[in-house]
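The values are calculated or read from the model by the stated rules, or taken from the named source; none is laboratory data. The structure displayed is predicted, hence computed values, not measured ones. Cβ sites come from the backbone with ideal geometry, for glycine too, and all protein chains shown count toward neighbours.
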Amino acid sequence: MAAATATHPSVISMINQDHAKFRSLWDEYRGPNMNGEMKQKIGWALIRGVAMHSSCEEEVMYPELRKRLGDEAAEHLLGLEGHQKLKTLLSELDSMTVEKHGEAAYTAKLSEAMKVLYHHMEEEEHQFWPQFEALPGVDADLLSHMGKKFETARAHAVTRPHPWAPNKPPLNVVANMMTAPLDGAADMWRFAGHPPQ
Ligand SMILES: [Fe+2]
Ligand SMILES: [Fe+2]
């Protein structure tokens, strides 16, 4: 019955799809025939993508995970090995450019952030999501409902890293809604009117 009413993709498949996108952007960055301008565009796309992804996880996935798996799990994902560390590194990267700081320095900072991101994604995919999915009450319906909420959260997600902004409900939702338009305006400039989706 539950599966029959699940009409939206599961939140976990949506999250893991974002993760796959980040991995392929980072592969592309390190691929052959890349010039500084191409690397800059990928750096910016990763900053934007990870900021939106973290914002949506913090609104939809982590509160539910906290409720069902406990504070320790949620705080670990938010903390100094997870989102907080990522936001700090990506906001440092956000203040750099390939042109001004040089490819080597830009790549070194991005590599540092990607190392944290890869470790974090591994933990989510191989440790926290399987634990969450195995809990009683977590069924296809709930995951589908959360998937719908995850998509809605994208519409007001921040698109730049904000290490000092609130990361838990309800304050994060308010802060995101206030900050997203400013980030959006800055991104329109950065991506010449066509920010990546
Ligand atoms: Fe995360
Ligand atoms: Fe994630």
- Query: Taking helices (runs of 4 or more DSSP H) that fall entirely within segment 24-83, which contain at least 3 residues that are more than 13 Å from ligand 1 (Cβ to nearest atom)?
  - Reply: 36-56, 62-69
- Query: Only one of (1) under 26 Å from L110 (Cα atoms); (2) in a loop (DSSP other than H, G, I, E, B) is not met by A180, so which one is it?
  - Reply: (2)
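Residue by residue through segment 20-78, note down the ones that are among the aromatic types (F, W, Y) and on the phi > 0 side of the Ramachandran plot. Write out each step before concluding.
First, the residues of segment 20-78 that are among the aromatic types (F, W, Y): 22, 26, 29, 44, 62.
Across segment 20-78, there are no qualifying residues.
For every residue, the table says whether it meets (1) without any contact (Cβ under 8 Å) to a residue 60 or more places away in the chain; (2) touching a Pro at 6+ places or on another chain (Cβ under 9 Å).
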site: S13; (1), (2): no, no
site: D18; (1), (2): yes, no
site: F22; (1), (2): no, no
site: D27; (1), (2): yes, no
site: I47; (1), (2): no, yes
site: E59; (1), (2): no, yes
site: E64; (1), (2): no, no
- Any chance segment 125-146 includes a residue that's within 15 Å of ligand 1 (Cβ to nearest atom), surrounded by 14 or more Cβ atoms within 10 Å (Cβ to Cβ) and under 18 Å from K87 (Cα atoms)? no
- So is L80 surrounded by 15 or more Cβ atoms within 10 Å (Cβ to Cβ) and out of contact with any Lys or Arg (no Cβ under 9 Å at 6 or more places or on another chain) or not? no
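Looking at segment 114-124, which of its residues are crowded, with 18+ Cβ neighbours inside 10 Å, closer than 30 Å to N33 by Cβ and within 13 Å of ligand 1 (Cβ to nearest atom)? Please lay out each step first, then the result.
Quick first cut of segment 114-124, residues crowded, with 18+ Cβ neighbours inside 10 Å only: 114, 116-117, 120-121, 124.
So of that shortlist, the ones also closer than 30 Å to N33 by Cβ come out as 114, 116-117, 120-121.
Selection gives V116, L117, H120, M121.
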- Query: Which residues, counting only those in segment 85-104, are surrounded by 14 or more Cβ atoms within 10 Å (Cβ to Cβ), assigned to a helix (DSSP H, G or I) and among the aliphatic types (A, V, I, L, M)?
  - Reply: L86, L89, L90, L93, V98
- Note on the structure: In segment 156-174, anything more than 13 Å from the chain's Cα centre (by Cα), under 16 Å from G82 (Cβ atoms) and crowded, with 16+ Cβ neighbours inside 10 Å is listed as A165, N172
- Do we have A113 as touching a Ser or Thr at 6+ places or on another chain (Cβ under 7 Å), part of a helix (DSSP H, G or I), within 15 Å of ligand 2 (Cβ to nearest atom) and within 25 Å of D183 (Cβ to Cβ) here? no
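Return the residues of segment 4-23 that are of a type in the set (S, T, N, Q), away from ligand 2 (no atom under 11 Å from the Cβ), in a helix (DSSP H, G or I) and at pLDDT 95 or above; say none if nothing qualifies.
Here is the first cut: in segment 4-23, the residues of a type in the set (S, T, N, Q) are 5, 7, 10, 13, 16-17.
If we keep only those that are away from ligand 2 (no atom under 11 Å from the Cβ) as well, we get 5, 7, 10, 13.
Those still in the list that are in a helix (DSSP H, G or I) too: 5, 13.
Correct list: S13 only.
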